[in-house]
Structure formats: C-alpha cells, structure tokens
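Student: What follows is a single structure, and I will ask about it in a moment.
The values are calculated or read from the model by the stated rules, or taken from the named source; none is laboratory data. Small disclaimer: the values here were computed from a predicted structure and weren't measured. Reconstructed Cβ throughout: ideal geometry from the backbone, glycine too, with neighbour counts over all protein chains shown.
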C-alpha cells in the first residue's frame with residue numbers, strides 16, 4: 001500500500017489576539033488571575049527606583065538590597081534561607097528605573113507565609129555596620145574589576161554623551177566614588193526614609209486558592225498600612241538629554257584591546273507613544289535578527305561582525321534608539337560607515353512589504369511568550385502599577401503591534417530615526433581606532449578620557 005507522506009496545505013487559521021490577564025486592584029494590591037497555575041508570584045513594590053537616587057550616592061539601592069539579603073531582626077541570613085526553602089519558595093530583587101520589586105515565587109499554598117517572611121526582612125533588615133561595610137567593599141572591588149571588561153567604559157561614555165546631567169548620566173550600579181561614599185549610617189537612614197514604611201503589593205497566580213486580604217496583611221508586616229511612598233508624590237528628577245548637534249564621534253581608549261565595540265545612539269521622543277510600535281518594527285528590520293539588513297550586510301556579505309543589534313530602550317523618562325556591534329580594530333571605521341548608510345537607507349526608503357509582514361508576524365508571535373510565567377506577569381504588573389498605566393496597557397500594546405500598517409512604520413522611521421544626529425562611541429585601542437575611523441572618512445573624532453570605575 002502506498003502512503004503519501006507529502007504534507008498537504010496548512011489549515012487556514014486565524015491567530016487569536018493576545019489578551020493580558022485581567023488586572024484586579026484592591027487597595028494597595030494589584031493582581032492578575034492565572035487559573036490553574038500551581039506557582040504564584042508575589043512582590044513588595046516600592047515606588048523608588050534608580051532614578052530617585054541622590055547625586056553622589058548612585059548605586060545605593062543595589063547596595064541596600066544586597067545588604068537586606070543578610071537577613072532581618074527575626075531571621076538571619078541562614079535562617080531566612082532555610083525558612084524559604086522549607087516552603088519551596090525563592091526570593092529575588094529587581095531594581096528598576098522607577099521602582100524596586102522584592103519578590104517571592106512559591107507554591108500557591110505557601111504564598112502568604114512567604115510574603116510575610118519577605119516583608120519582615122525587607123522592612124526590618126539587620127543592616128549591621130560590619131556586614132554593610134563588607135558588602136560595600138565587595139561591590140567596590142567588583143566595580144573596579146568590571147572597569148577592565150570590554151564595554152564598561154563604552155557604556156559609561158555613551159551615557160555621559162547622551163545626558164548632560166542627572167542619574168542616567170551615571171552607570172546603573174554607580175561608581176567607585178559614589179558607592180564608596182555610602183556609610184552604614186547613611187544606608188540605614190535611606191532605608192528608613194524610603195523603604196521601611198512604604199510599599200504596595202503585586203500578585204500573580206491562581207487567585208481562587210489565595211486569600212487576598214491575608215496576602216495584603218502579610219505584605220504589611222512590620223510596616224503599618226501599605227501606602228505610596230514619598231518618592232511617588234515628589235517624582236524622580238529627569239535626566240537632561242544632550243541636544244542633538246550633528247554626529248559626535250567618540251573613541252574610548254582601552255589599551256591592549258584586540259577588537260572594537262561600537263555603539264551608535266540618539267534620543268527618540270518617549271512621550272510619543274504612537275511611534276513606539278512602528279519604531280519597534282523598523283528596528284527589527286534594521287537589526288533585530290540574523291536576517292536583518294545589518295546582519296546580512298555586515299555578517300553575511302562582508303564577514304566583519306558576528307552579531308549586530310538595533311533596538312529601542314524606553315523608560316518613563318527617556319527613549320534611546322541604538323545600534324551595537326563588535327568588530328576588528330582595523331574594520332571599525334568601515335563598519336560604522338556601513339551602519340550609518342543602512343540607517344539612512346531605512347529612513348529614506350522605509351521597509352519593504354515582505355520585511356514588514358515578516359517582522360510584524362514574528363513580533364506579535366513573540367509577544368505572548370514574554371508573559372508565560374507568573375514572574376513575567378508579576379513584573380509587568382509592577383511596571384504597570386509604578387508608571388500609572390491603565391489595566392489594558394499590555395493588551396493595547398499587542399493590538400497596536402498587530403494592527404500596524406507599513407505606512408506607519410515608514411513614517412516613524414523617516415521622522416524619528418536619524419543618521420546625522422547620532423552619537424557614535426567606539427571602544428578599543430585608541431591609536432589604530434582613530435586611524436580606522438579617519439580612513440573611512442568619519443570625523444571629527446575626539447577621545448574620551450573622563451571615565452572612571
């Protein structure tokens with residue numbers, strides 16, 4: 001008997017639109033119901049993030065929550081670990097631009113006691129002077145060591161160029177000078193003022209098996225009624241973007257480097273939400289996958305890079321378009337020139353119909369995957385609560401992406417992307433890099449020597 005193994009035409013299917021789980025708000029609690037999920041995510045949300053850190057004390061939140069892991073008044077570090085392990089729970093900290101999430105992931109039945117343990121520890125940490133000094137010294141050693149790693153000096157230089165002043169002009173984890181200035185006494189006062197009596201609660205899981213009032217009560221342990229902290233009312237100061245004044249070529253010297261790290265970036269309007277979805281598609285076409293324009297040109301045809309990426313970094317206060325790659329020192333100038341040319345080609349000519357359809361299909365297909373776990377949903381809820389978004393924020397983002405047309409993508413690329421007002425930062429051995437950039441006709445080029453670990 002003959003069996004035809006040749007597949008027939010695929011069945012016609014209509015993709016079901018993605019809908020973010022229903023958001024439930026109850027006082028200081030924001031939650032999402034995930035029916036049938038045996039694991040839950042719960043987090044204390046503090047509306048005080050990196051952008052709120054005082055000048056000269058950058059890195060204080062990273063240090064504070066590293067010190068909090070040493071334990072609280074009731075449970076020390078080891079006792080805390082045993083207590084959570086006995087519940088089948090873990091805990092983690094996410095320090096963001098506008099908020100901090102201190103979270104536990106645990107079986108649904110253990111969420112309430114796990115939240116209580118985390119809340120007790122975070123609100124009444126030990127913060128012993130010797131422990132704080134030890135952790136601070138460890139972070140100082142790490143900052144100094146990381147400065148020798150590829151890319152650290154470049155990122156610091158890029159931040160200084162993109163922002164004239166403000167927190168975003170300083171690396172996320174601070175500097176040796178800023179972290180070194182934080183005393184145990186300052187850290188305790190900082191915790192008391194911004195963390196101890198504030199906070200809200202984020203919850204994602206099968207709510208049918210969870211008493212929400214008990215979760216809120218556990219989250220308020222040792223902190224009194226959960227409420228917004230002072231930082232929310234005051235708001236974080238905005239970093240001041242540096243005005244675009246044409247191309248700015250910067251070389252960051254890293255003696256002995258065997259290659260070049262390249263970053264090209266400029267600001268995009270963070271308040272123009274309507275352009276975020278079309279710009280995401282445009283960036284994907286430019287440098288989002290191994291089939292992107294930059295990958296085909298720089299990797300497949302020229303063999304000058306292994307990988308290259310283009311994308312948007314968006315926060316509540318800033319938006320940055322960037323392209324990043326690595327190459328040999330001698331080919332750095334040619335790679336930069338090619339990237340500039342491809343950006344201009346995209347800006348002027350837009351994306352093709354095939355590129356648009358492929359990018360939109362991939363991005364809409366990936367969108368739901370980003371929210372498959374309780375942790376992912378919980379962090380998304382934390383962002384939603386901290387930034388004041390509407391309950392349909394994530395569902396609306398999907399709809400905006402799915403309903404895009406090619407015209408809107410091309411308009412956004414033409415109006416928002418630029419090859420003439422870019423900051424170009426190249427890290428590597430300065431002398432041959434300068435020669436490579438000049439030979440490609442790029443310049444004027446300046447050398448950045450302001451960076452410090």
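Student: Is it the case that residue 279 is under 23 Å from residue 427 (Cβ atoms) and in the same structural domain as residue 393 (by TED's automatic domain parsing)? It would help to see each step written out before you state the result.
Tutor: On the way: under 23 Å from residue 427 (Cβ atoms): no; in the same structural domain as residue 393 (by TED's automatic domain parsing): yes.
Considered against the rule, which asks whether it is under 23 Å from residue 427 (Cβ atoms) and in the same structural domain as residue 393 (by TED's automatic domain parsing), residue 279 comes out as no.
Student: Further question: Which residue out of 223, 219 is assigned by TED's automatic domain parsing to the domain that holds residue 167, touching a strand residue (DSSP E or B) at 6+ places or on another chain (Cβ under 7 Å), modelled with pLDDT of 60 or more and surrounded by 15 or more Cβ atoms within 10 Å (Cβ to Cβ)?
Tutor: 219
Student: Here's something else I'd like to know. In segment 353-372, which residues are surrounded by 12 or more Cβ atoms within 10 Å (Cβ to Cβ) and either free of Cβ contacts under 8 Å to residues at least 40 places away in the same chain or farther than 15 Å from residue 20 by Cβ (or both)? Write out each step before concluding.
Tutor: Step one: list which residues in segment 353-372 are surrounded by 12 or more Cβ atoms within 10 Å (Cβ to Cβ), which gives 355-364, 367-368, 370-371.
355, 356, 357, 358, 359, 360, 361, 362, 363, 370, listed by residue number.
Student: Spot the failing condition for residue 63; the list is (1) out of contact with any strand residue (DSSP E or B) (no Cβ under 7 Å at 6 or more places or on another chain); (2) surrounded by fewer than 22 Cβ atoms within 10 Å (Cβ to Cβ); (3) assigned to a helix (DSSP H, G or I), and only one is missed.
Tutor: Of everything listed in (1) out of contact with any strand residue (DSSP E or B) (no Cβ under 7 Å at 6 or more places or on another chain); (2) surrounded by fewer than 22 Cβ atoms within 10 Å (Cβ to Cβ); (3) assigned to a helix (DSSP H, G or I), residue 63 misses just condition (2).
Student: What do you reckon, is residue 92 within 27 Å of the chain's Cα centre (by Cα), more than 30 Å from residue 323 (Cα to Cα) and assigned to a helix (DSSP H, G or I)?
Tutor: No; evaluated as a whole, the condition is false for this residue.
Student: Residue 57 fails exactly one of the following numbered conditions: (1) surrounded by 18 or more Cβ atoms within 10 Å (Cβ to Cβ); (2) in contact with a helix residue (DSSP H, G or I) (Cβ under 8 Å, 6 or more places away or on another chain); (3) on the phi < 0 side of the Ramachandran plot. What is the number of that condition?
Tutor: (1)
Student: Can you name the number of the only condition in (1) more than 30 Å from residue 257 (Cβ to Cβ); (2) in contact with a helix residue (DSSP H, G or I) (Cβ under 6 Å, 6 or more places away or on another chain) that residue 152 fails?
Tutor: In the conditions (1) more than 30 Å from residue 257 (Cβ to Cβ); (2) in contact with a helix residue (DSSP H, G or I) (Cβ under 6 Å, 6 or more places away or on another chain), residue 152 misses (1) alone.
Student: For segment 381-412, which residues satisfy the criterion of being over 26 Å from residue 285 (Cα atoms) and in contact (Cβ under 8 Å) with a residue 40 or more places away in the chain?
Tutor: 381, 382, 383, 384, 385, 386, 387, 391, 392
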